[in-house]
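Novice: What follows is a structure written as structure tokens; I'll ask about it next.
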Amino acid sequence: MSILIDKNTRVLVQGITGREGTARTRLMCEYGTQVIAGVTPGRGGETVDNIPVYDTVREAWENSGQIDASVIFVPAPFVREAALEAIETGVKLLLIVPDRVPVWDVMEIAAAAKQNGAGFIGPNTLGIISPGKAVLGMIGGRASSAKAWFFQGPVGIMSRSGGVTSAIGYYLGQAGIGTTTMVHVGGDVIVGLTFPKLARLFEQDNETRALVLFGEIGGSQEEQLAELMMAGEITKPVVAFIGGKAARSGTRFSHAGAIVEGNRGSHAGKVEILNEAGVYVVDNFGDIPEVTKQVLIQHGIPFGG
């Protein structure tokens, strides 16, 4: 299986007629994702690569059928309206690509998602990919590259960096290790599906046998995951690398959500609790493939394409 998306996921693109929306829709379709409709207010009746465009999410649903996921490519100030429209129409998974979405808007989206039994990835995410099945967003670059780099296997990937998400999948693939689903959780201060939430989904997925995580300083996602592991709620082996070792207090590391304040969210604190939880923490990013392979062998988990 995989988590969140597969070859049957029916996808809507909000902002499909914009430059990014059009380009990324084409890439998703080339990979095999079922993009069934797009929405741009005022552009209803048009098409993008033979995909019908509607003025509202409701119109898209009524004319194209059930929508499982929406990929949002609208400018940050309009994300709130687009996300709430999708959630209220019944879409259960949103991918919010833009960065710098106002925090209060994200909090309102989170409240609406919880009330309606929906979830969202991002903001500030490159996306999610289940190799050989579907991709949402722009992760993996060109469809031809994504098809060549990533293949199905036993490892789930969670990352706070978009580029690193692809890099982990690529280097694992070079080592002969395939993946079930790769998720860039997003780089903003508040994001929807965090490491703990994703880990619970991976825990329930029979084909995911181990996890690889790229964490960063700032926030508490890594600490929360460690607590779940110590509580016995996450039982699958986890390999992790934490970026930002040299960062000092008050330093922002790459993303808005990666900033250390005092001892909160520090590299040392994250590494300590992850080690305590039994995570295989690597000191060097380049060691991830070999350590992952050894962990899979140690746990008797077959791997390969």
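Every number here is computed from the coordinates shown, using simple stated rules; none is lab data. In this text the structure is predicted, and so the values were computed from the model without any measurement. Glycine gets a Cβ as well: all are built from the backbone with ideal geometry, and neighbour counts include every protein chain shown.
Novice: Are any of the pairs Lys133/Lys293; Lys92/Lys147; Lys236/Lys293; Lys197/Lys293; Lys7/Lys114 more than 19 Å apart by Cα-Cα distance, and if so, which? If you can, show how the numbers build up before the last one.
Specialist: Values: Lys133/Lys293 24 Å; Lys92/Lys147 27 Å; Lys236/Lys293 14 Å; Lys197/Lys293 25 Å; Lys7/Lys114 26 Å.
Check vs 19 Å cut-off fails for Lys133/Lys293; Lys92/Lys147; Lys197/Lys293; Lys7/Lys114.
Novice: Something else about it: What does the convex hull of the Cα atoms come to per residue for region 1-125, in Å³?
Specialist: Working: hull volume 12.1 nm³, N = 125.
Spelled out: Cα convex hull of region 1-125, divided by residues, is 97 Å³.
Novice: For the residues Met28, Met107, what sequence is obtained by ranking on other C-beta atoms within 10 Å, fewest first?
Specialist: Working: Met28 23, Met107 12.
By the 10 Å Cβ count, ascending: Met107, Met28.
Novice: In deg cm²/dmol and to the nearest 500, what is the mean residue ellipticity at 222 nm of the chain if only DSSP H runs of at least 4 residues count, each as -39500 (n - 2.57), divided by the residue total? Spell out each step's value before the answer.
Specialist: Values: 10 runs with 106 residues, N = 305.
That comes out to -10500 deg cm²/dmol.
Novice: Compute the orientation-averaged projected area for region 80-234 from the convex hull of its Cα atoms and round it to one decimal in nm². Numbers along the way, then the final one.
Specialist: Numbers: hull surface 36.9 nm².
Its Cα hull, projected and averaged over all orientations, spans 9.2 nm².
Novice: Given a Förster radius of 45 Å and the C-beta distance between Ala268 and Asp55 as r, what FRET efficiency does 1/(1 + (r/R0)^6) yield to the nearest 0.05? Spell out each step's value before the answer.
Specialist: On the way: r = 52 Å, r/R0 = 1.16.
According to the calculation, E is roughly 0.30.
Novice: Could you give the Stokes-Einstein D for region 54-149 in µm² per second, using the C-alpha Kirkwood radius, 25 °C, 0.890 mPa s? All intermediate terms of the calculation are to be shown ahead of the outcome.
Specialist: Values: Rh = 14.0 Å.
Translational D for this selection: 176 µm²/s.
Novice: Please list, or write none, the lysines whose alpha carbon is within less than 16 Å of the alpha carbon of Lys245, excluding same-chain residues fewer than 8 places away.
Specialist: Lys270
Novice: So if I take the centroid of the Cα atoms in region 103-174 and the same for region 29-78, what is the distance between those two points in Å?
Specialist: What the calculation gives is 19 Å, centre to centre.
Novice: Using Cα-Cα distances under 8 Å and only pairs 6 or more residues apart, what relative contact order does region 1-125 have, in percent?
Specialist: With pairs under 8 Å counted, the relative contact order is 21 percent.
Novice: Which translational diffusion coefficient, to the nearest whole µm²/s, is obtained for region 88-127 from the Stokes-Einstein equation, given a Kirkwood hydrodynamic radius over C-alpha pairs, 25 °C and 0.890 mPa s?
Specialist: Values: Rh = 10.3 Å.
So the translational diffusion coefficient is about 237 µm²/s.
Novice: Pick from Val279, Val271, Val164: which is most flexible by mean-square fluctuation in a GNM of the chain where alpha carbon atoms under 10 Å apart are linked?
Specialist: Comparing Val279, Val271, Val164 in a Gaussian network model of the chain, the most mobile one is Val164.
Novice: Bin all alpha-carbon pair distances of the chain at 20 Å intervals from 0 and give each bin's fraction as a whole percent.
Specialist: The distribution over the chain is 35, 57, 8, given as percents.
Novice: Beyond 28 Å, what share of the Cα-Cα pairs of region 150-305 remains, rounded to the nearest whole percent?
Specialist: On the way: 1511 of 12090 pairs.
The answer is 12 percent, as a whole percent.
Novice: Between Ala76 and Asp6, how high is the FRET efficiency from 1/(1 + (r/R0)^6) when r is the Cβ-Cβ distance and R₀ = 35 Å? Nearest 0.05. Spell out each step's value before the answer.
Specialist: On the way: r = 29 Å, r/R0 = 0.84.
Approximately 0.75, to the nearest 0.05.
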